[in-house]
1. Look through Gly163, Gly187 and report the one residue that is at positive phi, part of a strand (DSSP E or B) and of a type outside the set (S, T, N, Q).
2. Cβ contacts < 6 Å: first residue not assigned by TED's automatic domain parsing to the domain that holds Ala279, restricted to region 249-266; second residue among the hydrophobic types (A, V, I, L, M, F, W, C), any location; separation 6+ or different chain. Result?
3. Checking Leu307 against (1) modelled with pLDDT under 95; (2) closer than 30 Å to Val250 by Cβ, which test does it fail?
4. Tell me, which residue of region 324-356 that is free of Cβ contacts under 8 Å to residues at least 60 places away in the same chain and in contact with an Asp or Glu (Cβ under 9 Å, 6 or more places away or on another chain) is surrounded by the fewest Cβ atoms within 10 Å (Cβ to Cβ)?
5. Of everything in region 296-328, what is β-branched (Val, Ile, Thr) and more than 16 Å from the chain's Cα centre (by Cα)? Give them in sequence order.
6. Can you tell me how many residues within region 290-305 are in contact (Cβ under 8 Å) with a residue 12 or more places away in the chain and either in contact with an Asp or Glu (Cβ under 6 Å, 6 or more places away or on another chain) or surrounded by 15 or more Cβ atoms within 10 Å (Cβ to Cβ) (or both)?
7. Return yes or no: is Gly155 more than 20 Å from the chain's Cα centre (by Cα) and either surrounded by 18 or more Cβ atoms within 10 Å (Cβ to Cβ) or outside any loop (DSSP other than H, G, I, E, B) (or both)?
8. Which residues, counting only those in region 127-152, are assigned to a loop (DSSP other than H, G, I, E, B) and either aromatic (Phe, Trp, Tyr) or out of contact with any Gly (no Cβ under 8 Å at 6 or more places or on another chain) (or both)?
Amino acid sequence: MKLRYLFISLLALVFATSCEDDAITQLKEVQVNSSYVALPADGGSKIITVSATDDWTITDVPEWLTVNPLSGGAGNTDVTFSAAKASDTQEATVSLTCAGKTQLINVLQMTEKTETPLSTCAEVIAGPESKTYRIKGAVTSIANTSYGNFYVNDGTGEVYIYGLFNAAGQYPKDAKDGWAGFNVEVGDEVTVEGPKTVYGTTIELVDATLLKVEKSLIKVESVEPEEAVLPIEGGEFTVNLTCKGNGISVVLDDKTKTWLSVASVMTSGNAATVVFNAAKNEGGDRSTTLQFKTTDGKKDYTAQTSLTQKGSILEVPISEFLAAEVGDTQYRITGIITELYASDKQGKSFYVQDYSGKTLVYRAEGFIEAGAKVGDVVTVVGKRGAYNDNPQLVSGTFEALKYAVAPITVAAFRELPDDVNAYYMLTGKVAQPTEENTKWDLEQYGNFNLTDETGSVYIYGVYTGWGGKKGEFGPLGIKEGDELTIVAYKTSYKGLVEGVGYYFSHKAAE
């Protein structure tokens, strides 16, 4: 069996889970067309291309290896790696540094073929990164069939396979029969080999080679309803299986058992039908993985399928959303758009803030069509997700543009009709009020004059953010002379023009 040696630069590979990007990405400052270099045992050279935005240098080069050139500037540069004939296998990791960022390049000169020993998933999880491992375990779920991304569990732990090659060195998308040609399904036992990396909290083998597939004796053939989604009211969920083993058992975790039960198990030859009953859902969306087991008397085989039950949309402050677990529960949050997320090329992402916190809303459907902008008060619905351990709202829908907020000068604001349902963005310096029937209060309610180059207006109270309370202005730490931006409506009292605002941002006076 041909052994493939693959290396990976930890800083150059990103699994864009939330960004919906299946491709492997690299550093912006410096990129290489290959992060590993394999040199022949009899000696020789290999050229890679360095693409940089600034000056770069290569360091940590061992004596047996020659690299030319060792430095360069912005643009594309061919770099040659050379070594003389070797009697023993040699390997090294050299550092390519540009603009403060480092890309690791792994170099191997192998003189003999060796077979990687079999490791447990637990050993992979505890072991060093960049090392090549061979594991054997059951496929628990398949995430992507273009590149071959799936989870393997051997009972000691679970490892994510991020990219799978066949014997010809092809991804499924490049192979003749695509993913079907790999013959890998949930429940099958596979043997794969590849280098370890860690993305966030996910332990991965990247660009692994598929060495062996042992088909499971149990397989999920179909489910009813076909979309595997039950309504809030609950109901029946049916799983049809093929089972060639001895008997069948159903495994539910303790959390699932609180709302889902097995109603019946029926078998006929190799066919089996399991019917579940779901209780009414009093909370948000919930989902689970159902596992089925059989045995041939010597080893166990598993199959699994997923089930989701719709629930209520939980309307919560952003702080509560941030504290929630990543999952399928739907949340509704309302706040002020503070900025757009420039890294989203689709233009659907933005940050929203209320009195309790701030979160990224990643690619909310309907956002562009709504014409919402920074400063607007909006409502969005979506799931609690995360990217690199940073919370974000994902799979979202832009539900409502509650208030379109236009920037306005103080002078123009003063001329507006009173309207508690019309909001404007005001920016000015915090100053002591001079008109009658006013007071100066930065400790509790936030009473002061807001002054720009066109004039001053009395601010009669500032909420700590959208959905917040009056009377808690002090903790914002705003002082006289600071530049304050608020989203405010215009009102008046006994001829005194007033603005009532919601905190947006401020800058301390110089």
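1. Residue meeting the stated conditions: Gly163.
2. none
3. Of the numbered conditions (1) modelled with pLDDT under 95; (2) closer than 30 Å to Val250 by Cβ, the odd one out for Leu307 is (1).
4. Gly327
5. Within region 296-328, Thr302, Thr305, Thr308, Ile313, Val316, Ile318 qualify.
6. 11
7. no
8. Gly127, Pro128, Glu129, Ser130, Lys131, Ser146, Tyr147
The values are calculated or read from the model by the stated rules, or taken from the named source; none is laboratory data. Everything numeric here is computed off the predicted structure, so don't read it as measured data. Using ideal geometry, Cβ is built from the backbone for each residue, glycine included, and neighbour counts are taken over all protein chains shown.
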